[in-house]
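S.K.: Just passing along the structure, written as structure tokens.
Coordinate-derived values only; no laboratory data. This is a predicted model, so every value here is computed, not measured. Note that we place each Cβ from the backbone using ideal geometry, even for glycine, and neighbour counts take in every protein chain shown.
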Amino acid sequence: MLETITRVIMATKNQFTRFYCRRKYCAMDTYHFGTAEFKRSDDLVKEIELVTGSIPEHWIERSIAMLKNHRFHTSYCTERLEPGKMRNIAWLESLLREEMNDIVELFDLLIL
């Protein structure tokens, strides 16, 4: 009986440890979503454009969707990084508006 109880406790402990470590890893992996470092992705896209001659299709829209669907897994990250993540979403949305304005201006020039 004692052995069975010990196995149940250890199984729970191991599950908690795996869950806890997974949450910490996710926090480390997505930490930059809530910092100014996230904007370096724009620099990376510009480098890709210089090398390949094109940018990844719909990268702004995909980045916005990713950030909007993302949830931080620790209270530390939620409290400290969520405001920065919202600023990064606003920044991406402003890039998208600029891109759309450029398209409208180009379209207007083609019509004239």
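S.K.: Counting other beta carbons within 10 Å of each Cβ, put S63, S75 in order, fewest first. Walk me through the intermediate numbers first.
M.R.: On the way: S63 22, S75 8.
Exposure proxy ranking, most exposed first: S75, S63.
S.K.: Straight-line reach from K46: which aspartates and glutamates fall under 15 Å, measuring Cα to Cα and dropping same-chain residues less than 8 apart?
M.R.: Candidates past the 8-residue exclusion: E57, E99.
S.K.: Starting with the fewest neighbours, write out K68, K24 ranked by other beta-carbon atoms found within 10 Å of each beta-carbon. Spell out each step's value before the answer.
M.R.: On the way: K68 11, K24 14.
Placing the least packed residue first, the sequence is K68, K24.
S.K.: State the answer as a single residue: which of F72, L109, P83 lies farthest towards the positive end of the charge dipole of the stretch 59-112, with beta carbon charges of +1 for Lys and Arg and -1 for Asp and Glu, about the Cα centre.
M.R.: Checking the options against the dipole of the stretch 59-112, the answer is F72.
S.K.: For a label point 7 Å from the Cα of R71 along Cα→C-beta, name the residues of the stretch 79-95 whose backbone N is under 16 Å from it.
M.R.: Answer for this model: 79, 82.
S.K.: Still on this structure: Give, to the nearest whole percent, the P(r) tail of the stretch 31-111 beyond 14 angstrom, counting all Cα pairs.
M.R.: Numbers: 2222 of 3240 pairs.
For the stretch 31-111, the fraction of Cα-Cα distances above 14 Å is 69 percent.
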